[in-house]
């Protein structure tokens, strides 16, 4: 029996474990990326490991999230990351050079390589044939130090594409259709592998849009084959030598298959407040809108920007609409300026923002009160925009631009015949905003520059013999990392200051939670299904660690957050019987007796609810390696123990 494309890359990078679905495997990592919202903590962790220089083929530090400098904090963090990169062998993409995933696709991605990044949308690299996965900062730090990255061997889902996209229907509509079919939980424990004749009709940036939003499925990653389309893209980027053909064996066996006829798709929109709440634009009708934001790592490529410019040319944005446009990289921005498309965008009344994540991470451009915002982004979680009562819809660049002109949600198919956007035979290439690291001989003389906002990693402790604590919070299904640790311009600058961030933990759900943690000192969180979906931000584990949370008991966990909890030394536990979730109330007194022994010896685990005078069984969502990590107090302690540092 042959291998799928993902299985081939996994097999060639396997350093431990067996390729048996559900079992833990360790993978050699070729490339890593970080961004500034998660990077400061990742480099503090890398420092703590005591490894002088990264051992990957290529590691890149990007500044693209915290670019709104309303105080010294962000600028200090950027300076710190820049000095860390120079000293430890990491390339540094300066502020303004672009969004990490867009720039990495353009300048560094190589088919067949493994990539992990401290950002959940790292699977964007799957559009170029990489096995690219989001991870917590600690996992990225370990990989930079030469350690394997561990995942559960995923199932492989074959997404067979046939046909060709009609006029005004784009890659965003493809992934919205996949989300409609599979939901935000449908990809958990799976790789979505795209194939079929329809793949040949999609450019690399279009493929990257689809793999980018595979993160919203909860998938381990998504991947496209590396073919002649991939080769042309790499050659246009001056990197044709890195191309190789990658495809599954003809007799490859898949665990599941879905079929999508591209020719039958229509413009789609994800309704508030979930990426899988998908309806057709026609079904939603002419909804009056207040704001349109075009950009993000999902839809800010040269093709996307040129399509937007072609729609806006000679038109004016509706009086009731504020339109922002964010090119994904300096390369894209420069090409738009050179060919006149930028002038068309400006003339239409768009507000052109810098090449950064910006509004997607809540860094500016919050809508008006109860405003309706159309965004070409990947997430529309409640409050993520910075306006608590905003209604955010996720749409394609085509739908966004057409709607910005009309002032209402508009099907772009009403615009007439679509004019093709030519793929450049040669992109403008200028890497002068990417700094190479110092040589090993020069590294010793590089000074690490720290600002006063950079605080130490939270104090960790080995798992105690027993846990006695109150259920300090009970939440429902699909709790996101935005619920746990909100984004936005008021909080993001303090990503390197865990004590400060702790006052915002879970305040979206319960404003009293941080103070309650301080009062009781130790606690447990009870959650529903898919707990921790969304961003890879390890702060959603580190801040609860700082607040004294010892365990999270949920119906199920999102992959990255579950790993982040274990890495922080917090026990991720699932109800053996989901109905037991209903019996536990917030502030119940819970006890896990002999928990250290149970974890060490892989015994059954029972939680005693002393308030209700009852008990229920839970299961630790841990591999044997993760059991040792939790027993040690977290991945940093475990790594020190096993490295001798």
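Quick rundown of the values:
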{"read-out": "Residue within the stretch 431-439 that is outside the structural domain of residue 210 (by TED's automatic domain parsing), in a helix (DSSP H, G or I) and touching a residue at least 12 places away in the same chain (Cβ under 8 Å) present", "value": "no"}
{"read-out": "Any hit, the stretch 365-376, residues being modelled with pLDDT under 95 and either assigned to a strand (DSSP E or B) or surrounded by 18 or more Cβ atoms within 10 Å (Cβ to Cβ) (or both)", "value": "yes"}
{"read-out": "Options 260, 289, 294, 311; residue that is in the same structural domain as residue 106 (by TED's automatic domain parsing), crowded, with 16+ Cβ neighbours inside 10 Å and in contact (Cβ under 8 Å) with a residue 24 or more places away in the chain", "value": "260"}
{"read-out": "Those residues of the stretch 216-229 which are surrounded by 24 or more Cβ atoms within 10 Å (Cβ to Cβ) and either without any contact (Cβ under 8 Å) to a residue 60 or more places away in the chain or in a helix (DSSP H, G or I) (or both), in sequence order", "value": "216, 217"}
{"read-out": "Odd one out for residue 572, checked against (1) surrounded by fewer than 14 Cβ atoms within 10 Å (Cβ to Cβ); (2) touching a residue at least 12 places away in the same chain (Cβ under 8 Å); (3) not in a helix (DSSP H, G or I)", "value": "(1)"}
{"read-out": "Qualifying position, being surrounded by fewer than 24 Cβ atoms within 10 Å (Cβ to Cβ) and under 22 Å from the mean Cα position of the chain (by Cα), among 528, 534, 521, 548", "value": "528"}
{"read-out": "Any pair with Cβ under 8 angstrom, 6 or more apart, that starts in the stretch 141-157 at a residue that is free of Cβ contacts under 8 Å to residues at least 12 places away in the same chain and not assigned by TED's automatic domain parsing to the domain that holds residue 131 and ends at one that is surrounded by fewer than 22 Cβ atoms within 10 Å (Cβ to Cβ) and part of a loop (DSSP other than H, G, I, E, B)", "value": "none"}
{"read-out": "Among the candidates 41, 49, residue that is in contact (Cβ under 8 Å) with a residue 40 or more places away in the chain and either surrounded by fewer than 21 Cβ atoms within 10 Å (Cβ to Cβ) or out of contact with any helix residue (DSSP H, G or I) (no Cβ under 8 Å at 6 or more places or on another chain) (or both)", "value": "49"}
{"read-out": "The listed residue being outside the structural domain of residue 197 (by TED's automatic domain parsing) and at pLDDT 95 or above, out of 272, 248", "value": "272"}
{"read-out": "Residue count for the stretch 351-364, restricted to those that are buried (at least 24 other Cβ atoms within 10 Å of the Cβ) and farther than 20 Å from residue 101 by Cβ", "value": "0"}
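The values are calculated or read from the model by the stated rules, or taken from the named source; none is laboratory data. Worth saying up front: this structure is predicted, and the values here are computed from it rather than measured. Here Cβ is always computed from backbone atoms with ideal geometry, including for glycine, and neighbour counts include all displayed protein chains.
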